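This report concerns only the one structure given below.
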Amino acid sequence: MHLARFERIKQNSRASTSGSGSNAEPHAKRLKQPTIQEMITDKHNLDLKVAEFLYATGVPLHIVRSPYFKEMCEEISRSYVPYSGPAYNALRTTLLEQVKARVSKACKPWEDHAREVTGFVLVSDGWTDAQHRPLINFLLTSPKGQKFLRAVDTSGETKDGKYIAAQLTAIMEEVGPEDVIAVIMDGASNNVSANQILMERFPWLFTLHCTAHSLDLACEKLGGFTYFKDHIAMGKKVIRVLTNHHFTSALFKTQSKLFLLKPGDTRFYSAYIAVRRLLLCKNAVQKTVVSTEWASWADKAEYKNKASTVSRIVLNASFWIALARFIILLRPIVRLLRLVDSNMPSMSKVYPECCEIEKHIQNVSLPADMNQEVADIFRDRWDKLHSPLHALGYLLEPQFQGAKLGAEVKADYRKALKKMLSSTEYTKALSEITKFSNKEGVFGDPDIMSLTDENHPDHIPTYQFWAEYGDEVPTLSKVAQKVTAMTSSAGACERNWSAYDFIHCKKRNKLTPERANDLVFVFSNLRLMKKFKDPEKFADWVSEIEPEQEEALLQEEGDEIELEEGEAAEELADDSDVESAVDSD
């Protein structure tokens, strides 16, 4: 191939230099076999040009690790003609349309796999873009990834239940209604109304509230207790003073290798993260405020009140005890929130984890009469969140095989089975459940059943377990593969908004909704395509180029908080000046 290419270039060179002696020498030099040193020099010059482009445009340097960057360079190097890049207008129009069509076609194997094995979960969420236009996005999810379908501009529309249901119906008709098992959105009243309409149109469809959103609301309500709320406000005051001033920030860093984190605005869960980090830095914070440098800074008139307030807060034992109680109370809720907010299947984990949370609440040491109020808040949130699918997922999770099921769980999983199966299949599935629960046949082999244990060296996802070992219970296996492969939250939508904001940012705020939609479609689904074809290679690459997410810095699972909770700890009841200063900066 390279010889033929050389001959074509040689012929073109002869034709172009036949009457021009002045140009003959450069062309002859170009056709000469390059030496190793010339090849090395040429490669270095090309690297310099690429580096100049990256530095001049401010493109992140890790872009060179992208497989698409490497494929582009390889394709250019194989070209038979000099290449100067695509035209600007072509990139905005025809090339974008062509790439979108290619990506859509390339995603078909992912769709076929989901249709055949697990089915789809349709998730949706609302957002406001850089030009303050209200958008609703729609994604299909499966254990193998999430496909972005589109974002709809709802400007001028009444976003009631009928409108949302019409949008979701249109999506389902495009995908194939029978392949969509469930729809997940947050618990807003218009979404609840849309769910009712959808279930009337599609009797087999499950509609669920987003578990992550519901758990975050539960955390927010629990944090709203006066006992917690006041101490969290004090904690935020401490964080502000130690991070907003250059001197105090530098002084704190001399005492701690960890940075203090500021709570975000979108989720109350971020307050848990910030308070937890503050507790981990307790010793460093106290050392900071008793240092001579702090005393010198605090003597300045403009900082005296702030410094005095912060010192009194962090040197008071009851402040740290209250924060510790808050973290201990919310720890299992946040652990479940992180689980369901990931891309991993989680439907089979929600019910048992919520049961454990209820037990945990009863055993947490809280001020008098708070335990029952806390339990009532969580139970109310669970009642709104709960779906028969949670009970069915719990039943089909091998880790809970043989667990004693209450009447409520049995009624719920039967209700879910009836919705998913015909009457004949339903009867057969019930007999197969008995075989699974009684550990008959392959389900009695402890080596096989342990494969779904997350600590097992050869761990496999639950839906794959049923695909591999469910031959003895074919009807139940088909249901189990669908249910245990399902997500239980619409977290994929929020991550998609991060991608949308990465593309339709302040510097590109004149993008039309249609073009931004196409760019996000290509951006998101190219990743889906790579992940489906080569998940291990994809994981190494995508961790470098995904839009940064604040919560990615907040994963320190395993760090424990050890504080003594002496009942004789001094209360802050008489520190009215401390509490009144919390809201002032």
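What to note about this one:
- Under 19 Å of direct C-alpha separation, and excluding same-chain neighbours fewer than eight residues apart, Lys43 reaches these lysines: Lys29, Lys32, Lys70.
- Hz values of 3J(HN,Hα) by residue in the stretch 516-524 - Karplus curve (6.51, -1.76, 1.60), Gly and Pro given as x: 4, 4, 5, 5, 5, 4, 5, 4, 6
- The calculated 222 nm mean residue ellipticity attributable to helices in the chain amounts to -19000 deg cm²/dmol, summing -39500 (n - 2.57) over DSSP H runs of n ≥ 4 and dividing by all residues.
- Accessible area of the chain belonging to carbon and sulfur atoms, whole % at 1.4 Å probe: 52
- Descending principal axes extents, the stretch 103-180, alpha-carbon based, whole Å: 39, 26, 19
- Length added when fully stretched, Thr292-Val50, from 0.36 nm per residue minus Cα-Cα: 81.9 nm
- Antiparallel bridges, percent of DSSP beta bridges restricted to the chain (to nearest 5): 65
- Here the gap between Lys435 and Val81, fully extended at 0.36 nm per residue and compared with their Cα-Cα distance, gives a gain of 120.7 nm.
- Accessible surface for the chain, divided over its residues, is 53 Å² per residue with a 1.4 Å probe.
- Projecting label points 7 angstrom from Cα along Cα→Cβ for Thr512 and Thr427 puts them 5.9 nm apart.
- Calculated FRET efficiency for the pair Thr93/Val59, C-beta based, R₀ 30 Å, to 0.05: 0.85
- Kirkwood Rh, Cα atoms: Rg over Rh of the stretch 235-370: 1.07
- For His113, His231, the ranking by accessible surface with the largest value first comes to His113, His231, using a 1.4 Å probe.
- Extending 7 Å from the Cα toward the beta-carbon at both Phe502 and Ala233 defines two label points whose distance is 3.9 nm.
- Euclidean distance between Cα centres, the stretch 78-152 to the stretch 395-425, Å: 37
- Its alpha carbons give the stretch 292-383 an Rg and a Dmax of 19.8, 58 Å.
- Taking 23 Å as the limit for the C-alpha separation, the pairs Lys349/Lys530; Lys418/Lys531; Lys159/Lys229; Lys108/Lys533; Lys237/Lys304 exceed it in the case of Lys349/Lys530; Lys418/Lys531; Lys159/Lys229.
- Summarised as an ellipsoid, the stretch 269-315 has semi-axes of 23, 12, 7 Å, derived from the eigenvalues of the Cα gyration tensor scaled by 5 and square-rooted, with the largest first.
- Placing Tyr55, Tyr83, Tyr500 in order of accessible area, with the largest value first and a 1.4 Å probe, yields Tyr55, Tyr83, Tyr500.
- Cα shape, the stretch 449-497, gyration tensor, a/c 1.5 rule: oblate
- The equivalent ellipsoid that matches the C-alpha gyration tensor of the chain spans semi-axes of 49, 39, 23 angstrom, in descending order.
- Nearest-10 value in Å² for the accessible area of Asp299, using the 1.4 Å probe: 120
- Among the trypsin sites (Lys or Arg not before Pro) in the stretch 71-111, those located in a DSSP loop and surrounded by at most 11 other Cβ atoms within 10 Å of their own Cβ are Arg78.
- Candidate residues Lys533, Lys415, Lys147: accessible-area rank, largest first, probe 1.4 Å: Lys533, Lys415, Lys147
The values are calculated or read from the model by the stated rules, or taken from the named source; none is laboratory data. Just so we're clear, the structure is a prediction, and the values are computed from it rather than from any experiment. Cβ atoms come from the backbone with ideal geometry, glycine included; neighbour counts cover every protein chain shown. Only protein heavy atoms, including side chains, enter the accessible area calculation; ligands, DNA and RNA are left aside. Shrake-Rupley method; radii C 1.70, N 1.55, O 1.52, S 1.80 Å.
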